[in-house]
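For reference, the structure discussed in these notes is given below.
Nothing in this text is a laboratory measurement; each read-out follows from the coordinates by a stated rule. Keep in mind the model is a prediction, meaning the values are calculated, not measured. Every residue, glycine as well, gets a Cβ built from its backbone with ideal geometry; the counts of neighbours run over all protein chains shown.
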Amino acid sequence: MSTIVIKQTKVLAVANHKGGCGKTTTVVQLSAELGKLGLSVLVVDMDPQANASLHIGKKHPSEIAITCAELLLSELEKLPQAIDEDTMLENVSLIYGSLELGRTEDELREHTPRPSEELRHKLKPLMGLFDIILIDTPPSLKLLTSNALAAATHVIIPIESGSQYGLYGVSDLMRHCDKIRKVNPDLELLGALLIRHDERQTVCKLVENAALDQIGRLIPIKIPTSTKVAQAAIAQSSIHAIDRTSKVAREFKELARWVTQTLGLKVTKDHADGE
Ligand SMILES: Nc1ncnc2c1ncn2[C@@H]1O[C@H](COP(=O)(O)OP(=O)(O)OP(=O)(O)O)[C@@H](O)[C@H]1O
Ligand SMILES: [Mg+2]
């Protein structure tokens, strides 16, 4: 007799309304590494820029009938149609983002009784099916980000550590998370993730200390600056596939291990695969 395994799905939002701080890169590269560990991963692209979809999707977002935009405004039965299992990354499925998401925000506000809880409602049937769902968010604190945070069990806040403005606005984000906890009391902060970090640089050290001070929790893995990040996006692949020995590839692998341990996710594959 076969046993049915019900997974304890974790939902991880990657959020910071500061543009270009590394949200999409974190979602894509962390998904790739988690998929390589044998976990079943779903990426939900809530950004109208659809950068995560352009990176890991095999189709263009404009060709997709049910993206996040349509899913948010439709009935639940559209959900299976929204999930594309065939992506550029092993074990990673995708609900595409789309330019339409900009308009969706207005429609949610006008036509739904609880506009920030639609994604949570739409992802509910997937709880138990995936090990982890990663949500990419746009550079704003409006409804799309609120929906991601209201649907999430955990949040990672990427911070550009090489920039003196890396922490600008982060207190607004922390307040926003507190506001969301009124509808999603279980939302837990996994921590700030320092991106483009170089410990030899004074500015990085200063931003690191300030991040700990203002956010309260730092992820012990730090992502260095690397041209491999953009190369991977152009090649629509993981950094691991481009250069698995690079420091940035190793740090994303470490990040995946840290996430699995911290969230209690069971790894089924040894990643020391030499690919
Ligand atoms: N560690 C890194 N080293 C070098 N370049 C990086 C690194 N991380 C991100 N980048 C580059 O910085 C830019 C912004 O990264 P990314 O798209 O991940 O940020 P984002 O927060 O998703 O942006 P947006 O707010 O527009 O959605 C991209 O061009 C990306 O290639
Ligand atoms: Mg992005």
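Figures for the structure shown
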quantity: Positive-end residue, the chain charge dipole about Cα centroid, Cβ charges, pick of S62, T268, G35; calculated: T268
quantity: Dipole of the chain, positive end: most advanced residue of Q49, G128, L212 [Cβ charges, Cα centre]; calculated: L212
quantity: Alpha-carbon centroid distance for the pair the stretch 128-177 / the stretch 1-51, whole angstrom; calculated: 13 Å
quantity: Over the chain: helical MRE at 222 nm, DSSP H runs n ≥ 4 each giving -39500 (n - 2.57), nearest 500; calculated: -11500 deg cm²/dmol
quantity: Nonlocal amide H pairs with I135, under 5 Å, H built at 1.01 Å; calculated: L12, A13, V14, V44
quantity: Prolate/oblate/rounded label for the stretch 10-263 (Cα gyration tensor, a/c 1.5); calculated: oblate
quantity: Relative contact order (%) - the chain, alpha-carbon pairs under 8 angstrom, separation at least six; calculated: 25 percent
quantity: Whichever aspartates and glutamates have a C-alpha closer than 16 Å to that of K142, once near sequence neighbours (fewer than 8 apart) are set aside; calculated: D45, D47, E100, E105, D106, E107, E110, E117, E118, D172, D178
quantity: The chain, dipole about Cα centre (Lys/Arg Cβ +1, Asp/Glu Cβ -1), debye to the nearest 20; calculated: 680 debye
quantity: Charge-dipole axis of the stretch 10-263 as Lys and Arg at +1 and Asp and Glu at -1 on Cβ define it, positive-most pick from L190, P80, L12; calculated: L190
quantity: Net +/- balance of residues flanking G128 in space, Cβ distance below 12 Å, scoring K and R +1, D and E -1; calculated: +2
